[in-house]
Amino acid sequence: MTQKIEAEVRTLGQRARRAQGQLLGSDSGAKNRALLGMAEFLRRDAEDIQRANRKDLRAAEAAGRDPAFMDRLRLDEGRIEAMATGLEQIAALPDPVGEITDLAYRPSGIQVGRMRMPLGVIAMIYESRPNVTADAAGLCLKSGNAVILRGGSESLHSNLAIAERLRAALGRAQLPLDVVQYLQIPDREAVGALIRMDDLVDVIIPRGGKGLLSRIRAEATVPVIMHLDGNCHVYVDRDADATKALKIVVNAKTQRLGTCNTAESLLIHRDRVDDLLEPLTTALREKGVEIRACSESLPRIPGAVAATEEDFATEYLAAILSLKIVDDLDAAIAHIARYGSGHTESIVTENITTARRFLREVDSSSVMVNASTRFADGFEYGLGAEIGISTNRLHVRGPVGLEGLTLQKWIVLGDGHIRS
């Protein structure tokens, strides 16, 4: 059985490699027509896609999945429209493939520059969120890559319904269908074959829970653009505006619970405890959020639970928030460095010097001043969509859009030049 699975996965890889080579010869117009067709077909068949999604939702509910999981899985009209809009935004963005930069003459007379090129064949392995199917396919297409999609079994019907419309649009635009392929084999061995197929797959991009990410980190021989936990922080500084702090903290935690850019930890400067701790925690509790508080703040928050070391390091993806009182900016930065996951952190302050220090010294993929962590998103950053949020230190960090799915190669222009 394992040999059969490996053979089937290799066939997908071979098809993807051929399709990606053909895509290199396609112009931006053909790619954009396909992207606009994808958006059109998603809107046209929204009811069919929702019908498929309801099958997945019923199975997830029967399996006792939690509300945050159900929220990630659900496709309503608004989310299908957001997928279509994201594809249209990708079509409107400049095509990065073939862009030449830094072209300059050298003393020898040659011109040296760099040209942007696709990564090649990308394997996208993800869980729960069926919107990833459209986002990943659109970004990979525009950036000249082929993609093999492998979503979780819990969203199979939704993913297949979306992928069918995406491939139909490729066909209408006369582009190779195998630029977008969906790996339907449910066995774990299929993922194992994919992440070790380094002769046919160039990059793995995983999006999912700790179990998936740990497995890929341990087993993959293909390079990985890794997205780890989203343990995001909001730090309310001594010089914070109270109204801004209340709006930002509540939005960052409660606008949507099950996303990686949702705030999981709240830090409050000691000087603002008397006037801000009560209104902040009351507003959060009114939204149904459980507060897991440090020993100093615990007696002052009705219904709060004592926070443990594990709580400060946890991505809850639920209506739970850890809270700690800190002495100053240095203590806030140290707390984030110790417990954070390198995803997104925000400071609320009116002190520009403090804000600049926070921006400079906090080592995360997105760092914000006076804004909700929920803005850490490719759509909000103007990327059209995102294929993931990288917490890697190499190649790309933060929301990964078109440019993050390309590399630069050196190019040299001469006119019969030889080296003496």
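Worth pointing out:
- Segment 104-130 - residue that is more than 20 Å from Glu219 (Cβ to Cβ) and within 15 Å of the chain's Cα centre (by Cα) and, of those, surrounded by the most Cβ atoms within 10 Å (Cβ to Cβ): Pro130
- Test for Leu149: is it open to solvent by less than 10 Å² (accessible area, probe 1.4 Å) and either over 30 Å from Leu267 (Cα atoms) or in a loop (DSSP other than H, G, I, E, B) (or both): yes
- Selection within segment 47-98: residues that are of a type in the set (A, V, I, L, M, F, W, C), within 24 Å of the chain's Cα centre (by Cα) and open to solvent by 20 Å² or more (accessible area, probe 1.4 Å). The member of this set that is nearest to Ala173 (Cα to Cα) is Ala92.
- Of the residues making up segment 105-128, one or more are closer than 17 Å to Gly86 by Cβ and touching a helix residue (DSSP H, G or I) at 6+ places or on another chain (Cβ under 6 Å).
- Lys253 meets the stated requirement of being part of a helix (DSSP H, G or I) and touching a Leu at 6+ places or on another chain (Cβ under 6 Å).
- Checking each residue in segment 172-204 for being open to solvent by 30 Å² or more (accessible area, probe 1.4 Å), at pLDDT 95 or above, assigned to a loop (DSSP other than H, G, I, E, B) and not charged (D, E, K, R) picks out only Gln174.
- Segment 205-250: number of residues that are farther than 18 Å from Arg393 by Cβ, part of a loop (DSSP other than H, G, I, E, B) and out of contact with any Gly (no Cβ under 9 Å at 6 or more places or on another chain): 8
The values are calculated or read from the model by the stated rules, or taken from the named source; none is laboratory data. All values derive from a computational prediction rather than experimental measurement. When we count neighbours, we look across all protein chains shown, and the Cβ atoms used for this are built from the backbone with ideal geometry, even at glycine. Each accessible area value is taken on the protein alone, full model and side chains, heavy atoms only, with ligands, DNA and RNA left out. Shrake-Rupley method; radii C 1.70, N 1.55, O 1.52, S 1.80 Å.
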